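These notes are about the structure you will find just below.
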Amino acid sequence: MDVQEQERFREFVETRSSALLKTAVLLSGGDRHAGEDLLQNALVKAAGRWQRIDEPEAYVRRILYRQQVSRWRLKWPRREQSFAEPPERAGSGDGTSAAELRVVMRGALAKLTARQRTVLVLRYFEDLPEAEVAAVLGCSVGTVRSTTHRSLARLRGLAPELAHLDRHDTAERPASPDFSPMEVRP
């Protein structure tokens, strides 16, 4: 890689790494360290082919998704992750502050399988249509639909405190990678 390409790569990493890290953390179930590892590996792979990449962000995102798919296809289970419980807070009334919803959502996402989490991240966080999700994951559109349906049902079961929200509540909340309308759809 020549000096000009190195500078182009450096600028890409500086400008897009935070958005890519958010996706990687979501794909890894809310584990920031695993998300950082996932992104680092994707950037290393992209750096090796940098001169031949036309759309760098799309290319790196595809690497992220495929690496995550490879992780959940492994024959042996990953080590179990533990998360600290959030501290108790003085009453906030209905208990639905944005921070509390993020904690609940992150915990519920962490309990989903990697495949379920990946499908939900691609469909709702990345806002990809079913056909593109199927192409990225190498499966049929029907598989994406059924996995999405089962994943949302499991997510609702894991986080029943999100059930009282409706679309009007989510429209007023700021966009955040930790909170998405996917958890409140009927």
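Number of residues in region 5-31 that are in a helix (DSSP H, G or I) and either polar (S, T, N, Q) or under 19 Å from GLN67 (Cα atoms) (or both) equals 15. Taking the condition of a type outside the set (Asp, Glu) and more than 24 Å from CYS139 (Cβ to Cβ), does LYS22 pass? Yes, satisfied.
Please verify whether region 12-35 includes one or more residues that are more than 20 Å from the chain's Cα centre (by Cα) and open to solvent by less than 90 Å² (accessible area, probe 1.4 Å). There is at least one residue in region 12-35 that is more than 20 Å from the chain's Cα centre (by Cα) and open to solvent by less than 90 Å² (accessible area, probe 1.4 Å).
A single entry from GLU161, GLU132 fulfils the requirement of being acidic (Asp, Glu), at pLDDT 80 or above and assigned to a helix (DSSP H, G or I): GLU132.
All conditions in (1) under 21 Å from LEU101 (Cα atoms); (2) open to solvent by 60 Å² or more (accessible area, probe 1.4 Å); (3) modelled with pLDDT of 85 or more hold for GLU172, with the sole exception of (3). Remark: pairs (first residue in region 119-133, free of Cβ contacts under 8 Å to residues at least 24 places away in the same chain and under 17 Å from ILE63 (Cα atoms); second residue open to solvent by 50 Å² or more (accessible area, probe 1.4 Å) and in a helix (DSSP H, G or I); Cβ separation under 8 Å; 6+ apart in sequence or on different chains) are absent.
In region 135-151, which residues are buried (at least 17 other Cβ atoms within 10 Å of the Cβ), among the aliphatic types (A, V, I, L, M) and at pLDDT 90 or above? Answer for region 135-151, where residues must be buried (at least 17 other Cβ atoms within 10 Å of the Cβ), among the aliphatic types (A, V, I, L, M) and at pLDDT 90 or above: just VAL144. For region 102-123, a tally of residues being open to solvent by less than 40 Å² (accessible area, probe 1.4 Å) and touching a helix residue (DSSP H, G or I) at 6+ places or on another chain (Cβ under 7 Å) returns 13.
The values are calculated or read from the model by the stated rules, or taken from the named source; none is laboratory data. Predicted model, so just to flag it, every value in this text is computed and none were measured. Neighbour counts run over all protein chains shown; Cβ positions are idealised from the backbone, glycine included. Side chains are part of the model used for accessible areas, which takes the heavy atoms of the whole protein and leaves out ligands, DNA and RNA. Shrake-Rupley method; radii C 1.70, N 1.55, O 1.52, S 1.80 Å.
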